1. Consider only pairs whose beta carbons are under 9 Å apart and that are at least six residues apart or on different chains; among these, list those whose first residue lies in the stretch 26-48 and is closer than 23 Å to PRO10 by Cβ and whose second residue is among the β-branched types (Val, Ile, Thr) and part of a loop (DSSP other than H, G, I, E, B).
2. Can you pull out the residues in the stretch 28-66 that are assigned to a strand (DSSP E or B), exposed (fewer than 13 other Cβ atoms within 10 Å of the Cβ) and either of a type in the set (Val, Ile, Thr) or more than 15 Å from the chain's Cα centre (by Cα) (or both)?
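FYI, it's all coordinate maths here, none of it is from the lab. Bear in mind the structure is a predicted one, so any value in this text is a computation, not a measurement. Here the Cβ positions follow ideal geometry from the backbone for every residue, glycine too, while neighbour counts run over all protein chains shown.
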Amino acid sequence: MPLLLNAAPPNVARLAGIGPRMQAFVDAGKVAGVVTLVQHRGQRAHLEAHGYLNLADKSPMKTDSIFEVMSMPSLSPPQPS
């Protein structure tokens, strides 16, 4: 996926759809919890937490929860040598 340096601002309607989709993954038991972050030109456009940090005691996932990241694609531009 190419990095879009001159991309238009994020679409508010599309950003609003992230939360319900992530909650659907939690509700279906596919993930215990999730934190999503979308950043555009250095500014936070979206930040939400859904589900649980710990299923056993039902502690909620928070946007500042500390957890192990199992997979995270890198969309950062290459750094000059």
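1. Close Cβ pairs satisfying both conditions: VAL35/THR63; LEU37/THR63; LEU47/THR63; GLU48/THR63.
2. SER59, PRO60
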